[in-house]
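The values are calculated or read from the model by the stated rules, or taken from the named source; none is laboratory data. As the structure is a computational prediction, the values presented were derived from the model and not from experiment. Neighbour counts are summed over all protein chains in view; Cβ atoms, including those assigned to glycine, are modelled from backbone coordinates with ideal geometry. Areas reflect the complete protein model, heavy atoms only, side chains present, ligands, DNA and RNA absent. Shrake-Rupley method; radii C 1.70, N 1.55, O 1.52, S 1.80 Å.
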Amino acid sequence: LAPKWFQGKRVVLTAGPTYEPIDPVRVLTNLSSGKMGFALAEAFAMAGAEVTVIAGPTALPTPWGVTRVDVVTAQQMRSAAHEYAPSADLFVGVAAVADYRPETPQEHKIKKSASTLTLTLVKNPDILAEIAALPHGPLCVGFAAESRDLDHYAECKRREKGLSLVVGNLAQEALGQDETRVVLYDDFGRHPVPAGNKSEVAWAILAHLKRMISVRDEG
Ligand code: C5P
């Protein structure tokens with residue numbers, strides 16, 4: 001039986017990729033299966049939390065007891081996050097949000113006539129940083145998938161976005177895989193988690209968060 005560490009807590013997560021339309025048949029996206037976000041959503045629900053997962057396009061089934069809000073673009077994910085996160089205790093940004101979107105999606109399919117094609121991209125809003133900046137907002141957790149210098153980039157991300165915890169992983173060890181290896185970064189430093197499947201790693205993240213919340217509430 002799972003420990004009810006998060007009984008009575010409201011947890012909102014983002015998961016999966018976003019699709020940014022180029023034209024009616026093409027999108028810009030990131031490689032993300034949604035597996036880590038869904039594994040975390042499932043673990044939080046088993047641990048007694050009231051869980052909402054804001055999911056980008058992914059074929060994964062909704063874990064038992066989890067409320068799912070499907071979105072496609074980063075802007076839709078942002079609206080959903082602003083709707084659900086302010087009343088939550090915890091907000092976990094697991095989604096691989098596209099950093100940029102085409103400025104003007106074409107109404108009709110772009111034809112392959114020219115030998116080069118230039119797309120103008122505009123920056124998407126940083127959903128997690130916005131939620132972390134809310135006064136009286138939830139405790140915020142972010143992910144950092146990097147291809148190198150994980151410690152450096154994860155710690156920068158934690159500071160720049162104002163997060164309590166960052167879960168760092170090397171992209172080559174995580175994307176689309178069932179097994180993953182992560183390092184947790186918080187105010188007290190760096191905490192490597194043993195490699196495992198995404199459910200095992202999700203439970204290790206929950207255990208760490210539970211300790212952080214106890215320290216905060218007792219401190
Ligand atoms: O800056 P970077 O994209 O590497 O940060 C990753 C973290 O920030 C993840 O937790 C991701 O879900 C979140 N994020 C976001 N909105 C963005 C970009 C990233 O919520 N536009």
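Before moving on, here are some points about what is shown:
- Scanning region 1-47 for residues that are surrounded by fewer than 23 Cβ atoms within 10 Å (Cβ to Cβ) and polar (S, T, N, Q) turns up GLN7, THR29, ASN30, SER33.
- Residues in region 100-129 that are open to solvent by 50 Å² or more (accessible area, probe 1.4 Å), within 16 Å of the ligand (Cβ to nearest atom) and in contact (Cβ under 8 Å) with a residue 40 or more places away in the chain: 3 in all.
- Scanning region 160-180 for residues that are without any contact (Cβ under 8 Å) to a residue 24 or more places away in the chain and either within 12 Å of the ligand (Cβ to nearest atom) or in contact with a Ser or Thr (Cβ under 8 Å, 6 or more places away or on another chain) (or both) yields one hit, GLU173.
- If you go through region 159-172 and pick out every residue that is surrounded by 14 or more Cβ atoms within 10 Å (Cβ to Cβ) and modelled with pLDDT under 90, you end up with 2.
- Here region 134-158 is the region considered, the condition is being within 12 Å of the ligand (Cβ to nearest atom) and open to solvent by 40 Å² or more (accessible area, probe 1.4 Å), and the residue that is nearest to the chain's Cα centre (by Cα) is PHE143.
- Qualifying position, being in contact with a Ser or Thr (Cβ under 6 Å, 6 or more places away or on another chain), touching a residue at least 60 places away in the same chain (Cβ under 8 Å) and open to solvent by 10 Å² or more (accessible area, probe 1.4 Å), among LYS198, LYS210: LYS198
- Of all the listed residues (THR67, THR52, THR58), the sole one being in a loop (DSSP other than H, G, I, E, B) and at pLDDT 95 or above is THR58.
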